[in-house]
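Participant: Attaching a single structure in structure tokens format; questions to follow.
The values are calculated or read from the model by the stated rules, or taken from the named source; none is laboratory data. Please read these numbers as outputs of a predicted model, since none were measured by experiment. Quick reminder, even Gly has a Cβ in these numbers, built from the backbone with ideal geometry, and neighbours come from all protein chains shown.
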Amino acid sequence: MKKYVFLQLILVLLIGATGCFARTNTHALNIEALEQSDADAFGQAATPAANRPIANQPRFGTDSIQCIQNWNIYSDHFRHRNFELAIDPWRWMFLNCPLATENLYIQGSVLVRFMIDRETNATRREALIDTLMMVYQQRIRYFGREGVHLGRQVLHMKVYRPNATREHYELSERSIELLGNAVNPEVLRLNFFAAKILVESGIIDPAKLVDKYDRATEIVQHNLNANHADSAAFAATKEQVQSMFDPFATCENLVRIYTPRVEANPRDADLLLRVTRLLDRAGCSDSQLFYLATKNLHQITPTAQSAFLMGRLYSNQANHVRALEFFEQAVTLTRSQPGNGVDLFQTNMLIADIFFRHLNRFPQARTAALAALEANPNNGRPHLLIGQLYAQSARTCGTDEISIAAVYWAAVDRFIRARTVDADPEVVAIANQLIAAYSQFFPNNETLFFHGLDGGRPVRAGCWINENTTARARP
């Protein structure tokens, strides 16, 4: 209560001073001249309405006529953006009839920020910032919605007191506790940022940051799933929170913090999914915790995501047959559960890679790569992989110089298509290298002429490839 009365005193002194400033219509503040008028103002408002129980206060205060008169005056000045002239009558209402209208606080925030932005004296500016904070506190007292207005208060505090990290954390924490999924996404981001700074400063336990991350991601995902009008803001918050968390999310930290949680709650599907995603993102999929969490998750609720993570698990253990089984299961579940599956491009490319590099089953590798292309036709990497499948099949598929060349022609066709559909510099560079390498296996012009293939005649690459291509000579 003492702090609240002290802040009221600040409000009376500063805004009374500013009202005097408005009446003199000058940019120079005469501190000595203001002292007496401030004292007079304080004497007139020694027992402001804020000190009386709300139940005992009429809407228009003890002097309803003066309240309405001041309301009309300040509203008119505010509407015409004569903010300096609006301050005095607004101040009177703030102190004497605080229940009159919630616009008193909506517009009061604008007026006080107007003064803050114009104030050049550091001490007075800080006191005005205190006044702005009090505007929010009094609005909460009389009109409720504490969570919403604490959120707005902390966002303005961040602007005017960017280094008040502890206050940012405490106010945003209370706003989130009160609002839950309805919290402002900017407040959620600010809370995580403040928590991160406090962890780095050794003020709060690092495990708290994990708790804040878990809570933030849950709230963000809820709002993204609900597809609210502010989905874009929540999507931006998701990226920002993840970016701030990534440097902290080392394997050592994640395993240390989450191992006891998973051991204590081995069948908590939400926890297990969160842990497996975090560990996979951080490159910790070779940890014992990842193995335990992934295995438990898939046993409890087999989903496309858990099947994919099981595939990752077995792939890291070089058990490629089992990895393939779970990756294929992830694809199947994704197609049967639209909107809740895995990245079909990424998963099919992993399947193609296993068939190609570990199982030597080239036709199946091509099928998976084509499925990846179906998921993302503008990515050139499936064409690069298919081209390499063809190139490595040339000696086994071809029986003579031309049939072998036809396979190389088909391979280079794929490399050309890769750089055509995908402008990614890395894809283009790899495609050019492969084109240069395998074009050396083309026959010369004399050989083509001998076989009646000069002039870019169409040819079919046989064997399992079975694609049309065009004959051309070695460059």
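Participant: Of all residues being touching a residue at least 40 places away in the same chain (Cβ under 8 Å) and in a helix (DSSP H, G or I) in region 234-253, which is surrounded by the fewest Cβ atoms within 10 Å (Cβ to Cβ)? Just the residue, please.
Facilitator: That would be 236.
Participant: I'd like to know if region 333-344 contains one or more residues that are surrounded by 21 or more Cβ atoms within 10 Å (Cβ to Cβ), in contact with a Gly (Cβ under 8 Å, 6 or more places away or on another chain) and either assigned by TED's automatic domain parsing to the domain that holds residue 410 or under 30 Å from residue 224 (Cβ atoms) (or both).
Facilitator: yes
Participant: Considering only region 368-387, I want to know if a residue exists there that is surrounded by 13 or more Cβ atoms within 10 Å (Cβ to Cβ), over 23 Å from residue 328 (Cβ atoms), in contact (Cβ under 8 Å) with a residue 40 or more places away in the chain and touching a helix residue (DSSP H, G or I) at 6+ places or on another chain (Cβ under 9 Å). Reasoning before the result, please.
Facilitator: Initial filter on region 368-387 (surrounded by 13 or more Cβ atoms within 10 Å (Cβ to Cβ)): 368-373, 375-376, 379-387.
With over 23 Å from residue 328 (Cβ atoms) added as a condition, the list becomes 380, 387.
With the extra rule that they be in contact (Cβ under 8 Å) with a residue 40 or more places away in the chain, the set shrinks to 380, 387.
Keeping just the survivors that are touching a helix residue (DSSP H, G or I) at 6+ places or on another chain (Cβ under 9 Å) gives 380, 387.
Checked region 368-387: at least one residue is surrounded by 13 or more Cβ atoms within 10 Å (Cβ to Cβ), over 23 Å from residue 328 (Cβ atoms), in contact (Cβ under 8 Å) with a residue 40 or more places away in the chain and touching a helix residue (DSSP H, G or I) at 6+ places or on another chain (Cβ under 9 Å).
Participant: Out of 424, 454, report the one residue that is more than 20 Å from residue 398 (Cβ to Cβ) and either in contact with a His (Cβ under 9 Å, 6 or more places away or on another chain) or surrounded by 12 or more Cβ atoms within 10 Å (Cβ to Cβ) (or both).
Facilitator: 424
Participant: Is there a residue in region 446-461 that is closer than 19 Å to residue 390 by Cα, in the same structural domain as residue 384 (by TED's automatic domain parsing) and out of contact with any Ser or Thr (no Cβ under 7 Å at 6 or more places or on another chain)?
Facilitator: yes
Participant: Just a yes or no: is a residue in region 403-425 more than 21 Å from residue 464 (Cα to Cα), touching a residue at least 40 places away in the same chain (Cβ under 8 Å), aliphatic (A, V, I, L, M) and not assigned by TED's automatic domain parsing to the domain that holds residue 310?
Facilitator: Checked region 403-425: at least one residue is more than 21 Å from residue 464 (Cα to Cα), touching a residue at least 40 places away in the same chain (Cβ under 8 Å), aliphatic (A, V, I, L, M) and not assigned by TED's automatic domain parsing to the domain that holds residue 310.
Participant: Which of the following residues is assigned to a helix (DSSP H, G or I) and at pLDDT below 90: 228, 168, 149?
Facilitator: 149
Participant: So which of 189, 174 ends up being part of a helix (DSSP H, G or I), among the charged types (D, E, K, R) and over 11 Å from residue 216 (Cα atoms)?
Facilitator: On inspection, the qualifying residue turns out to be 174.
Participant: Considering only region 137-144, I want to know if a residue exists there that is surrounded by 18 or more Cβ atoms within 10 Å (Cβ to Cβ) and in contact with a Lys or Arg (Cβ under 8 Å, 6 or more places away or on another chain).
Facilitator: Looking for residues that are surrounded by 18 or more Cβ atoms within 10 Å (Cβ to Cβ) and in contact with a Lys or Arg (Cβ under 8 Å, 6 or more places away or on another chain), one finds none in region 137-144, hence no.
Participant: OK, next. Inspect region 115-134 for any residue being assigned to a helix (DSSP H, G or I), polar (S, T, N, Q), more than 23 Å from the chain's Cα centre (by Cα) and surrounded by fewer than 19 Cβ atoms within 10 Å (Cβ to Cβ) and give the result as yes or no.
Facilitator: yes
Participant: Answer yes or no: is there a residue in region 206-222 that is under 30 Å from residue 128 (Cβ atoms) and either assigned to a loop (DSSP other than H, G, I, E, B) or aliphatic (A, V, I, L, M) (or both).
Facilitator: No - not one qualifying residue is present in region 206-222.
Participant: Have a look at 224, 273 and point out the one that is free of Cβ contacts under 8 Å to residues at least 60 places away in the same chain, surrounded by 17 or more Cβ atoms within 10 Å (Cβ to Cβ) and not small (Gly, Ala, Ser). Steps first, answer last, please.
Facilitator: Working: 224 fails: surrounded by 17 or more Cβ atoms within 10 Å (Cβ to Cβ).
After ruling out the rest, the residue left standing is 273.
Participant: Could you list, in sequence order, all residues of region 291-324 that are at pLDDT 90 or above and of a type in the set (Phe, Trp, Tyr)?
Facilitator: 308, 314
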